[in-house]
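Contents: one structure, followed by commentary.
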Amino acid sequence: MASTNRMLRILGLFRLERPVITPEWLMQELGVSRASVYRDLGQLAAAGMLERVADRGYVLGPMVVELDRQIRLADPLLEAAGELPGKLAEQTGGTVLLCRFHGSKVMCIHQVKGKNPALSVSYERGRAMPLYRGATSKIILAYLPAAQLKQLWASERKTLAAAGLPDDYAQLGKVLRGIRETGHCITEGEVDPDAVGFAVALRDGEHLLGSLSVVMPAASLTVASRKATLARLQSAAGRMEGRLQDQREKARATKKTEAP
């Protein structure tokens, strides 16, 4: 395993239930020598990605916090979202989630709570969630490129089936095609009990970025409020994609003016 890839894997091994990693554990997990592990840990610590905790091991370092601030202030998707998630939460009363597609998971990068503070929502900033349950994730699954979906199905077929999706690729494609044709996904109680999720995909041109969703208490919804929530969600998503397009056009114009 190349040193760079190994260091990236080390960073990916941290979990809430495992916030401190020891060199001895890494040696067993990665199957490499003590010298290799200590060299990698030393380089990561020197870069600020890790910090040594005396007599305990290593934790994530201050550079991670610095990078998080950079994302909050300069992420193009967050910039395009602007005030829209807040307005959507105010209009619907639900919790608004802005999420990115991340590997085989969905990562919430922004959450705005509405007027239902008692509503429990599992999606929160920085928490990776499964790609197979809930509207927030399923809408992303529905828009995956065919090659990527087939690879995912081949490697995680049992997980898909356990989540209630078809254990047959043709049937899975049919279900996801139906979601794409409607342009949205609505689920109830798949992630959080007594909660209804409304979600639409977010794309930058043809590139799938993630999803925008609203989570509402099931008991508070009527036929009229469901329609209104979906319409407001789709409007906000459309405005975000329009702003992303503006970003692309400005970048192209800048490149033209800078070209020799």
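We did not get these values from a lab; they are worked out from the coordinates using the rules stated. Predicted model, so just to flag it, every value in this text is computed and none were measured. Cβ: placed from backbone, ideal geometry, glycine included. Neighbour counts: every protein chain shown.
The HN-Hα couplings worked out from phi for the range 230-238 by the Karplus form 6.51 cos²θ - 1.76 cosθ + 1.60 (θ = phi - 60°) are 5, 5, 5, 4, 5, 5, 5, 5, x Hz, whole numbers, x standing for Gly and Pro. Listed by chain and number, the aspartates and glutamates whose alpha-carbon sits under 14 Å from that of residue 105, ignoring those within fewer than 8 places in the same chain, are 124, 156. How many percent of Cα pairs in the range 2-81 exceed 18 Å? Across the range 2-81, Cα pairs with separations above 18 Å total 44 percent. Based on alpha carbons, the Rg and Dmax found for the chain are 21.0, 64 Å.
Taking each residue as 0.36 nm, the span from residue 38 to residue 11 lengthens on full extension beyond its C-alpha to C-alpha distance by 8.3 nm.
Please give the length that would be gained between residue 239 and residue 207 if that part of the chain were fully extended, namely 0.36 nm times their separation in residues minus their C-alpha to C-alpha distance (nm, one decimal).
Fully extending the segment from residue 239 to residue 207 adds 9.9 nm.
Per the Debye formula on identical point scatterers at the alpha carbon atoms of the range 46-96, with no solvent, log10 I(q)/I(0) at q = 0.19, 0.23, 0.24 Å⁻¹ is -0.72, -0.83, -0.87.
The orientation-averaged projected area of the convex hull spanned by the Cα atoms of the range 137-190 comes to 3.6 nm². Seen from all directions on average, the range 116-260 presents a Cα convex hull projection of 11.2 nm². The ellipsoid that matches the Cα gyration tensor of the range 52-153 has semi-axes, each √(5λ) in whole angstrom, of 26, 22, 15, with the longest given first. Taking the range 11-28 and a reference point 7 angstrom along Cα→Cβ of residue 64, the backbone N atoms nearer than 11 Å belong to 11-21. To the nearest 10 degrees, how steep is helix 34-46 against the longest Cα principal axis of the chain, on a 0 to 90 scale? Between the helix axis and the principal axis of the chain, the angle is about 60 degrees. Shape annotation for the range 97-149: C-alpha extents along the principal axes are 41, 18, 13 Å, from largest to smallest.
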